[in-house]
Amino acid sequence: MSNTEFPDDELRHEQEFIDGLYARVDVLRGDTESSVADALGQGDKPMQARLERDILVAERSGLLAALNAVDGSLCFGRIDLASGPSHHIGRIGLRADDADRTPILIDWRAEVARPFYLATGHTPLGLRRRRHIATDGRRVTSLHDEILDLADHERTGHEDPSGDAVLLAALTSARTGRMSDIVQTIQADQDRIIRAPHRGVLVVEGGPGTGKTAVALHRAAYLLYEHRELLARRAVLIVGPNPAFLGYIGEVLPSLGETGVLLATVGELFPGVRATAADRPEAAAVKGRAEMADVLARVVRDRQALPDPVIAIEHDRDVLLLDDGLVNVARERTRAAKLPHNVAREHFEGHILNTLTDMVAERIGTDPYDGSNFLDASDITQIRDELAENPEVWSAIDRLWPRLTPQRLVADFLADPAGYVSDEDAAAIRRPVTRAWTAADVPLLDEAAELLGEDDRVARARAEREREAQVSYAQGVLDVSYASRTYEFEDKEDGDPDASEVLSAHDIIDAERFAERHEEADHRSAAERAAADRTWAFGHIIVDEAQELSPMAWRLLMRRCPTRSMTLVGDPAQTAEAAGVGSWSRILTPYVEDRWEHTRLGVNYRTPAEIMEVAAAVVRAEDPDFEPPSSVRSTGVRPWVRATDDLPGAVAEAVRELTPSEGRLAVIAPRDLHRSLAARLDGVTAGAEPDLTRTVVLLDPRQSKGLEFDSVLVVEPGRYGTSDLYVALTRATQRLGVLHRAPLPRALAEAPTA
């Protein structure tokens, strides 16, 4: 960058630093400048060795993946110590290739970077200046300096008296349909949560716009940095409320250099099943109750049947009768082992085979005169083996103790739940066997999988056969190698040292070791392996909108994290799901009792004060003591409310009025209105998963949870519950409009609007 482009010394200095930083990034990426390429082409061996070493280190440390994921402002700040050097702060850390590996760019998660977020004029933490660096790609566009040591009279001309310019610029910038990281603007209260110890359960409560989701994501990035060895091996799971939300937040962690995290909804946490259908609220509420665990346990026990009245088995020109008394003894002995159903089946098989063996032995081996038995142990074993080859025996066992899959068990139960739940609940959840799965079904499937277990004898036998085949193939390869070496030296004269000292493959490795070396390695990441393994134990779980999860969903998640290392993010005031627990104590007491920490974010960075005042009035109509988060800014633009007899037409007109020149607009309306509204809106479709990157999107209140838009149009608010309406009214960062044909909720009708 030439001096004429940056006459300002401070700007020039930072631009030169950024240029040098990206030059090194290009080298590590292998995207080198022509001068470097020329140097290599000219045989610059030291440089070539240095580059090869750097690239190798980058690949091994995961740095290369981070560099490829991070885009834009790699460096965003600088801290100048009162006595000491300056440090540039960025999304990831980079070091020089000197002997001391001198830090060039400090990772924002490093302890030395923490004063960038915590220092104030009252508590400067050893800093004299904090600088925010704004960039457009690789070009420095502006600097914002905060003077923390008031005794330091040096000025750069880039001082920001309020210290809020960068934060306000981020809050008022146009939305893109994807959440941005807040790494440049993390506030002190957010930083404390992000860096909290990862052991145990941390509850982060906060109203709309308090940044709790962003804090949770940055906490994931921090934990992966601080506990890399553990969490990279066990992976971090982030659970969101719906697929649109996961798409919305999906770019945050990659922008911070972290790609090894599994993002999923509850409906995606049973491998092989994807929830595509939706439940009615009353059905979801029934399925989500904690009592469903006991219900499913009874369903499983009822599949462990008794004969009615007997089962006749033909064997060796005789008939063996299994009555309910004999089978019940076998059943109770099997149940006493307290094993999952499918795992316990092996025990049940053994009891039945022993019972039938005793029958046969008694009939053919008992002396009719004195009642003595003349069969020895080998005879008994032969009888048992013959019974084990009788298909009728296995048919009886299958009837009495069938192998079950979670999918079949739950599908059959939902098709006919009578007798297990009340008639009212049975009517709510009853459905055809062939219907697609819902999100509320997935915790039932997981519970069923726990109750059933997996009889892995078939899988073990198949794996053993495959291994035997591999060993056999390896032995063939070794034999061919040995034969070829023998042929090569068979003409050697006796005593030839070459003939006696040459080693063959047979001398250094056997067939089993050879087969092991050629087994296909699993190159999947920990997150990819976790997604395919229902029994995976995550190192840490983060749950967004945690108040919405049902007790059954919590049973699933607690199984996924035996260490109970979790961050739960949510707001009980926004609980909308009928199955939602809402209360933190009710969620956690069954699992950790009172061993959890609670913290609250009370500052609203998203919603202007004018909009928040209207939204808070809706909640206060039911809860007079409700205290919303306090907004940090005011736009001077009040929300407007209009009545109309032509909703589709009025919505189309309002969309033209509210659509920003940059940014995004959300139309939030009841689901049954979507088709008629979409017909009047260009490029908007109803029914499909919303594409949040489009200028205008159509959502229902539940889909809008956790999202934010420049402008929002709320349609027919009188048809929302209080929680849903509160959510819908607090999605806008700039402007809010309300359209209705039905009567308004009284609190909204009386709220201060334009």
Picking from THR213, THR185, the residue that is free of Cβ contacts under 8 Å to residues at least 60 places away in the same chain, touching a helix residue (DSSP H, G or I) at 6+ places or on another chain (Cβ under 8 Å) and not charged (D, E, K, R) would be THR185
Using beta carbons and a limit of 7 Å, which pairs, at least six apart or on different chains, have the first residue in segment 570-583 and more than 8 Å from GLN547 (Cβ to Cβ) and the second one among the aromatic types (Phe, Trp, Tyr) and in a helix (DSSP H, G or I)?
ALA573/TYR726
Kindly indicate which of ARG114, ARG91, ARG129 is touching a residue at least 12 places away in the same chain (Cβ under 8 Å) and more than 24 Å from LEU223 (Cα to Cα).
ARG129
Restricting attention to segment 726-754, and to residues there that are hydrophobic (A, V, I, L, M, F, W, C) and closer than 23 Å to PRO660 by Cα, which single residue is farthest from the chain's Cα centre (by Cα)?
ALA754
Out of all the residues in segment 430-448, is one or more loosely packed, with under 11 Cβ neighbours inside 10 Å and either at pLDDT 95 or above or closer than 26 Å to HIS347 by Cβ (or both)?
no
State whether the residues of segment 661-680 include one that is open to solvent by 40 Å² or more (accessible area, probe 1.4 Å), at pLDDT 90 or above, touching a helix residue (DSSP H, G or I) at 6+ places or on another chain (Cβ under 9 Å) and among the small types (Gly, Ala, Ser).
yes
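I need the full set of residues from segment 300-310 which are out of contact with any Asp or Glu (no Cβ under 8 Å at 6 or more places or on another chain) and either open to solvent by less than 90 Å² (accessible area, probe 1.4 Å) or on the phi > 0 side of the Ramachandran plot (or both), in order please.
Within segment 300-310, VAL300, ARG303, GLN304, ALA305 qualify.
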Selected residue (criterion: least open to solvent (accessible area, probe 1.4 Å)) from residues of segment 311-325 that are free of Cβ contacts under 8 Å to residues at least 40 places away in the same chain and closer than 12 Å to LEU400 by Cα:
ASP323
Could we say that ARG642 is surrounded by fewer than 23 Cβ atoms within 10 Å (Cβ to Cβ) and assigned to a loop (DSSP other than H, G, I, E, B) here?
no
Return a yes/no flag: does segment 511-521 have any residue that is modelled with pLDDT of 65 or more, open to solvent by 80 Å² or more (accessible area, probe 1.4 Å), farther than 30 Å from PHE348 by Cβ and in a helix (DSSP H, G or I).
yes
Given (1) of a type outside the set (Ser, Thr, Tyr); (2) outside any loop (DSSP other than H, G, I, E, B); (3) open to solvent by 40 Å² or more (accessible area, probe 1.4 Å), number of the condition PRO562 does not satisfy:
(2)
Scan segment 582-597 for residues that are in contact with a helix residue (DSSP H, G or I) (Cβ under 9 Å, 6 or more places away or on another chain), open to solvent by 20 Å² or more (accessible area, probe 1.4 Å) and not in a helix (DSSP H, G or I) and report the count.
4
Can you tell me which residues in segment 146-162 are touching a His at 6+ places or on another chain (Cβ under 7 Å) and touching a residue at least 40 places away in the same chain (Cβ under 8 Å)?
HIS158
Give the residue, chosen from ASN328, ASN342, ASN354, that is of a type outside the set (A, V, I, L, M), out of contact with any helix residue (DSSP H, G or I) (no Cβ under 8 Å at 6 or more places or on another chain) and either more than 16 Å from LEU451 (Cβ to Cβ) or open to solvent by less than 20 Å² (accessible area, probe 1.4 Å) (or both).
ASN328
For ALA732, only one of the following conditions fails: (1) at pLDDT 95 or above; (2) out of contact with any Pro (no Cβ under 9 Å at 6 or more places or on another chain). What is its number?
(2)
So TRP536 fits all but one of (1) at pLDDT below 95; (2) in a loop (DSSP other than H, G, I, E, B); (3) open to solvent by 20 Å² or more (accessible area, probe 1.4 Å); what number is the exception?
(1)
In this structure, does LEU748 turn out to be in a strand (DSSP E or B) and either on the phi > 0 side of the Ramachandran plot or of a type in the set (A, V, I, L, M, F, W, C) (or both)?
no
Counting only residues in segment 707-725 that are out of contact with any helix residue (DSSP H, G or I) (no Cβ under 8 Å at 6 or more places or on another chain) and surrounded by 20 or more Cβ atoms within 10 Å (Cβ to Cβ), the one nearest to PRO639 (Cα to Cα) is identified as ASP710
Tally of residues being touching a strand residue (DSSP E or B) at 6+ places or on another chain (Cβ under 8 Å) and within 20 Å of VAL614 (Cα to Cα) across segment 685-724
15
Let me spell it out: the conditions are (1) assigned to a helix (DSSP H, G or I); (2) crowded, with 21+ Cβ neighbours inside 10 Å; (3) more than 14 Å from the chain's Cα centre (by Cα), and TYR248 meets all of them except one. Which number is the exception?
(3)
What is the residue count in segment 272-291 for residues that are open to solvent by less than 90 Å² (accessible area, probe 1.4 Å) and under 24 Å from THR535 (Cβ atoms)?
6
SER634 fails exactly one of the following numbered conditions: (1) open to solvent by less than 40 Å² (accessible area, probe 1.4 Å); (2) in a loop (DSSP other than H, G, I, E, B). What is the number of that condition?
(1)
Yes or no: segment 199-218 includes at least one residue that is part of a loop (DSSP other than H, G, I, E, B) and over 17 Å from GLY570 (Cβ atoms).
yes
Going by what's in this entry, would VAL286 be described as assigned to a loop (DSSP other than H, G, I, E, B), of a type in the set (Val, Ile, Thr) and within 24 Å of GLY580 (Cα to Cα)?
no
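Could you please give the count of residues in segment 603-619 that are outside any helix (DSSP H, G or I) and either in contact with an Asp or Glu (Cβ under 7 Å, 6 or more places away or on another chain) or within 30 Å of GLY718 (Cβ to Cβ) (or both)?
Matching residues across segment 603-619 total 5.
Residues ALA411, ALA396: which one is closer than 22 Å to ALA284 by Cβ, touching a residue at least 12 places away in the same chain (Cβ under 8 Å) and open to solvent by less than 20 Å² (accessible area, probe 1.4 Å)? Reasoning before the result, please.
Working: ALA396 fails: closer than 22 Å to ALA284 by Cβ.
Matching residue, one of ALA411, ALA396: ALA411.
Given the criterion among the hydrophobic types (A, V, I, L, M, F, W, C), crowded, with 19+ Cβ neighbours inside 10 Å and outside any strand (DSSP E or B), identify the matching residue among LEU698, LEU692.
LEU692
The values are calculated or read from the model by the stated rules, or taken from the named source; none is laboratory data. Here the structure is a predicted model, which is why all the values come from computation and not from measurement. Glycine gets a Cβ as well: all are built from the backbone with ideal geometry, and neighbour counts include every protein chain shown. SASA here: full protein model, heavy atoms, side chains in, ligands and nucleic acids out. Shrake-Rupley method; radii C 1.70, N 1.55, O 1.52, S 1.80 Å.
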